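The values are calculated or read from the model by the stated rules, or taken from the named source; none is laboratory data. What you see is a predicted model, and the numbers here were worked out from it, not measured in a lab. When we count neighbours, we look across all protein chains shown, and the Cβ atoms used for this are built from the backbone with ideal geometry, even at glycine. Quick note on the areas: whole protein, heavy atoms, side chains included, nothing else; ligands and nucleic acids left out. Shrake-Rupley method; radii C 1.70, N 1.55, O 1.52, S 1.80 Å.
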Amino acid sequence: TREVGADVDRADAVVRMEDVRFAYPSGSLVLDGISLDIGRGEFVALMGQNGAGKTTLAKHFNGLLRPTRGVVRVNGHDTRSRTVAQLAGSVGYVFQNPDHQVFAETVARELAFGPQNLGWHQERIDEAVARMLHELGLGAHADAQPFFLGLAERKLLALGSTLVMNPEILVLDEPATGADQAVAERIMHTIADLNRTGLTVLIITHDVILAAEYARRLIVMKDGRIIVDGAPAQVFRQREELEAAFIVPPQAAELAWSLDGRVPQDLLTVSQFVAAVEEA
């Protein structure tokens with residue numbers, strides 16, 4: 001499996017949520033007493049069925065939502081004392097549907113929009129845009145209108161428009177949904193490489209294989225609460241809690257468990273399983 005990220009000290013929390021409750025104006029309670037630290041440099045997968053509160057929780061990181069009760073701190077600052085624009089310098093958010101954040105006339109202008117709003121000088125903007133076009137393989141589309149691109153390319157553009165601003169924390173809602181395997185791997189490899197350099201990553205996903213392959217920590221939610229939080233190998237063995245959240249562990253993990261000790265019991269991915277069998 002990929003070694004994603006380094007060991008982190010959660011005392012160095014870039015995000016801290018303290019007894020957070022959130023209810024919409026209708027009165028519907030979505031988050032119910034969330035206390036959570038995300039350490040600098042972590043790679044976290046947030047999982048749970050639709051309606052569990054995953055996206056609502058993540059939108060508190062960049063101020064798109066504010067707690068009804070409790071405190072959310074990003075780099076030590078209460079998000080209620082910061083505007084969304086101020087938080088955008090620290091927290092990048094990539095929506096599940098790229099059409100919710102892509103709007104400029106060309107790909108290059110889309111990539112330049114965020115840095116322009118942050119007041120970067122033109123030479124720095126041009127260099128950053130050129131780098132993103134190259135790293136995401138979008139160079140041939142620089143002058144194209146985003147809405148004429150395929151879904152995969154629009155997902156890459158939405159990612160690039162966030163990464164171009166060099167955030168410390170990157171939140172992605174279902175980063176691989178709708179992309180073919182090659183593009184999904186390109187997206188995840190890019191994110192993993194950035195995590196190795198210190199970027200804190202949180203992905204919201206239903207994909208247990210993706211979570212097992214890349215994340216170093218899994219957080220499972222149900223009915224607005226965190227019910228499991230830990231290393232993937234530990235979390236995927238919490239059968240009762242996972243069933244309550246309608247999560248099925250990766251098939252490679254279930255096969256390893258069925259072999260009753262003949263292979264390591266912490267295997268999560270096909271590549272890990274194959275390597276263990278070959279070694280045995």
Determine if the range 63-81 includes at least one residue that is β-branched (Val, Ile, Thr), free of Cβ contacts under 8 Å to residues at least 40 places away in the same chain and exposed (fewer than 15 other Cβ atoms within 10 Å of the Cβ). no
Return a yes/no flag: does the range 124-141 have any residue that is crowded, with 18+ Cβ neighbours inside 10 Å, free of Cβ contacts under 8 Å to residues at least 24 places away in the same chain, under 21 Å from Gly89 (Cα atoms) and not charged (D, E, K, R). yes
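Each row is one residue, and each column tells you yes or no for (1) open to solvent by 20 Å² or more (accessible area, probe 1.4 Å); (2) of a type outside the set (Gly, Ala, Ser).
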| position | (1), (2) |
| --- | --- |
| Tyr24 | yes, yes |
| Glu42 | no, yes |
| Gln49 | yes, yes |
| Ala52 | no, no |
| Thr83 | yes, yes |
Failed condition for Gly39, given (1) under 21 Å from Val235 (Cα atoms); (2) among the small types (Gly, Ala, Ser); (3) in contact with a Pro (Cβ under 9 Å, 6 or more places away or on another chain): (3)
Output the residues belonging to the range 88-118 that are over 20 Å from the mean Cα position of the chain (by Cα), open to solvent by 60 Å² or more (accessible area, probe 1.4 Å) and not aliphatic (A, V, I, L, M). Phe103, Glu105, Arg109, Phe113, Gln116, Asn117
Residue by residue through the range 85-123, note down the ones that are of a type in the set (S, T, N, Q) and closer than 20 Å to Ile187 by Cα. Gln96, Asn97, Gln101
Can you tell me which residue in the range 221-243 is surrounded by the fewest Cβ atoms within 10 Å (Cβ to Cβ), limited to those that are within 14 Å of His206 (Cα to Cα) and in contact with a Gly (Cβ under 9 Å, 6 or more places away or on another chain)? Lys222
Between Asp19, Asp32, which is on the phi > 0 side of the Ramachandran plot and modelled with pLDDT of 95 or more? Asp19
Tell me, which residue of the range 3-16 that is more than 22 Å from Arg80 (Cβ to Cβ) and surrounded by 15 or more Cβ atoms within 10 Å (Cβ to Cβ) is modelled with the highest pLDDT? Val8
Take residues that are aromatic (Phe, Trp, Tyr) and tell me which of the strands (runs of 3 or more DSSP E) falling wholly in the range 1-113 contain 1 or more. 13-23, 43-47, 91-94
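For (1) closer than 23 Å to Leu202 by Cβ; (2) at pLDDT 95 or above; (3) not acidic (Asp, Glu), each residue gets a yes or a no:
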{"site": "Ile125", "(1), (2), (3)": "no, yes, yes"}
{"site": "Leu136", "(1), (2), (3)": "yes, no, yes"}
{"site": "Ala142", "(1), (2), (3)": "no, yes, yes"}
{"site": "Gly150", "(1), (2), (3)": "no, no, yes"}
{"site": "Arg154", "(1), (2), (3)": "yes, no, yes"}
{"site": "Met165", "(1), (2), (3)": "yes, no, yes"}
Which numbered condition in (1) under 29 Å from His60 (Cα atoms); (2) open to solvent by 70 Å² or more (accessible area, probe 1.4 Å); (3) in contact with a Lys or Arg (Cβ under 8 Å, 6 or more places away or on another chain) is the only one that Phe246 fails? (3)
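Is it fair to say Asp180 is touching a residue at least 24 places away in the same chain (Cβ under 8 Å) and either under 14 Å from the mean Cα position of the chain (by Cα) or loosely packed, with under 15 Cβ neighbours inside 10 Å (or both)?
Taking the combined requirement at face value, the residue satisfies it.
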